[in-house]
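Worksheet for the structure shown next.
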Protein chains: 2
Amino acid sequence: MGAANLLTASPAPAPPDDALAALTALVRDDMEACNREIVARMASPVALIPRLAAHIVAAGGKRLRPVLTLAAARMCGYSGGARHVQLAACVEFIHTATLLHDDVVDESQLRRGLASANAVFGNKASVLVGDFLFARAFQLMVADGSLDVLRILSAAAATIAEGEVLQLATQNDLSTSVERYLDVVRGKTAALFAAACEVGAVVANRPAAEAAALRDYGLNLGIAFQLVDDALDYAADQAVLGKTVGDDFREGKITLPVLTAYAAGSRGERAFWQRTIEASEQTEADLDQALALMTACGAIPATLARAAEFAGLAKASLSRFTDDPFRHALLAVADFTVNRPR
Amino acid sequence: MGAANLLTASPAPAPPDDALAALTALVRDDMEACNREIVARMASPVALIPRLAAHIVAAGGKRLRPVLTLAAARMCGYSGGARHVQLAACVEFIHTATLLHDDVVDESQLRRGLASANAVFGNKASVLVGDFLFARAFQLMVADGSLDVLRILSAAAATIAEGEVLQLATQNDLSTSVERYLDVVRGKTAALFAAACEVGAVVANRPAAEAAALRDYGLNLGIAFQLVDDALDYAADQAVLGKTVGDDFREGKITLPVLTAYAAGSRGERAFWQRTIEASEQTEADLDQALALMTACGAIPATLARAAEFAGLAKASLSRFTDDPFRHALLAVADFTVNRPR
């Protein structure tokens, strides 16, 4: 069976509008300024740096994390300066640096539907330009001058690396608990979502409780986002996903769809997962078999349902804020994350 | 001919004492506190992180960069706190992170005479633990709270990455100018030496001119250090070097010994360098041939003489400081860098 058939198992209808596009439109001027900042700050006398960085930055992506910083800052009433723009660029630089290193670590050939930077420029350049962007992000934060922002984003960067290393340690290990998998997700993905949102409150000088609420929103949104990503890796339309369906399967990555199917599996089915995921012995037909087992036990809808729970927590975190177009759009993005095109 | 024979071409006698050991002894208590700080701050709930970090940190090394921070701070009269210890640990973390990434980029199998971290734990873990140590360094700087220190070390980190990328761009390229090679050296090595020393003045609240002088000292010391390293890669006793003689040759790395021999070469000799360095076509006997060509044109002593010039500049940068045991030891280290055991 094809991966597309699994879509019918999705529990929620697609949203009428693209809530992420709506949120991005709300901060359009800020985001254009942020894009200019990103291009300006990638500059280096070493030509390969902006060339490689432009490859991944120009590949587009949704710019979800900087949009969150900008929208959070605006919801918190920030005005009268461009600090939020500069810090949104920092967030995107940190994200881009981790993408470059991730693609090296995962030996990915595709990123957002284009050849990955490591595929075009090699692993070495990708590692080093990632280092450069990471350092440049800290230079921009220093120029901004807020130790609170530096504290939040340096802690996020350490947590991201911890999550990535933990993911490496759980790879091919079917005895990984769901809680441990969620620790990986909190680290590798949700920590930067959380920091991106928290920074918006900090730049607007809001009280600690509001910064914490925005942090919670980002953290839970990030978990939901990653759970959906992990579901889409098995269930998406390849053209929409922008990467190869089944990448996680081939890499033996431990994600909730696999853990769910493994937990629900018969002895023979568990042997299948042990061979393909733990022993990394795979044949051409194994991905279809994996998809069939997931369909049989509802692993994809179960993963999406778990994602919806976290999206609900994200929305609840915004209850303390006055309703305005930014809050409205951030709430809609939480729903959209679970129901995005696939 | 063996590499050891080249030692007779060295222009300067070995120093009577190990000046680096003397400098380290001067800051022994601080350095012990720094080592404790390093171990404490490598901690993470993700066990692989301290395990891999301990592998490279325990491999020892000279701890030259943190010793420079500690000695510079003491020469500048810093007392009454442990900020210099914490910042020396930051410097060592940044250095360790770059070593981890360097070894991945260079595909090195040995580091300081032991199996490199990437050889033991794999490239993936080395990239990610490097990222962790880098982020952790910034967390420690934020805890210290000095934006000046953050500015100096974030700029150094960006410059290091630029130097590394530039080195990648010059690899296998014999048309690289000596000035461009020195740009690589300033970036990949000297920038962190410069920052390590400057931070010592900043933590002691010394005037900008003293910080700049210490920065110059570190920059020129770092250039001298790297030039000697590049000479030793062809001329050292392998047991002392702690890595494989001829690594740079096999990697097609453009260093001053190669540029000197290439510039002095006959047409036939240039063809040898083009085949071995540019086309990366090497046979077993080629390293000995490269060493013979270097000996014939004095490439190693010429490189060491250039290193001695930079060591002289380093020493001159300390003229504004009152003579005391720290200044005395820092001056001696500059000489020692050029005359260290090989």
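Some notes on this structure:
- Look at (1) over 18 Å from the mean Cα position of the chain (by Cα); (2) facing another protein chain (nearest Cβ under 8 Å) and you find that B:Phe121 fails only one, number (2).
- Condition met for A:Ala155 (at pLDDT 95 or above, surrounded by fewer than 17 Cβ atoms within 10 Å (Cβ to Cβ) and of a type outside the set (Asp, Glu)): no
- Check on A:Cys90, within 14 Å of chain B (Cβ to nearest Cβ), in contact with a Leu (Cβ under 8 Å, 6 or more places away or on another chain) and either surrounded by 20 or more Cβ atoms within 10 Å (Cβ to Cβ) or among the hydroxyl-bearing types (Ser, Thr, Tyr) (or both): yes
- Tabulated pairs, region B:80-103, first more than 15 Å from B:Leu70 (Cα to Cα), second at pLDDT below 95 and surrounded by fewer than 24 Cβ atoms within 10 Å (Cβ to Cβ), C-beta under 7 angstrom, 6+ apart or interchain: B:Thr96/B:Val57; B:Leu99/B:Arg111; B:Asp103/B:Arg111
- Odd one out for B:His101 among (1) more than 7 Å from chain A (Cβ to nearest Cβ); (2) under 25 Å from A:Ala43 (Cα atoms): (1)
- Selection count where residues are within 19 Å of A:Tyr181 (Cβ to Cβ) and surrounded by 14 or more Cβ atoms within 10 Å (Cβ to Cβ), scope region A:270-308: 21
- Check on B:Ala135, at the interface with chain A (Cβ under 8 Å from one of its Cβ atoms), in contact with a Lys or Arg (Cβ under 8 Å, 6 or more places away or on another chain) and at pLDDT 95 or above: no
- Residue within region B:104-118 that is part of a helix (DSSP H, G or I), within 8 Å of another protein chain (Cβ to nearest Cβ) and either closer than 20 Å to A:Ser146 by Cβ or in contact with a Phe, Trp or Tyr (Cβ under 7 Å, 6 or more places away or on another chain) (or both) present: no
- Considering region B:244-342, the qualifying helices (runs of 4 or more DSSP H), each wholly inside and each with 1 or more residues that are in contact (Cβ under 8 Å) with a residue 12 or more places away in the chain and farther than 23 Å from B:Gln226 by Cα, run over B:267-273, B:286-297, B:325-339.
- Residues of region B:100-117 classified as surrounded by 20 or more Cβ atoms within 10 Å (Cβ to Cβ) and closer than 13 Å to B:His55 by Cβ, total: 5
The values are calculated or read from the model by the stated rules, or taken from the named source; none is laboratory data. Predicted model only: the values in this text are computed from it and were never measured. Note that each Cβ is placed from the backbone with ideal geometry, even for glycine, and that neighbours are counted across all protein chains shown.
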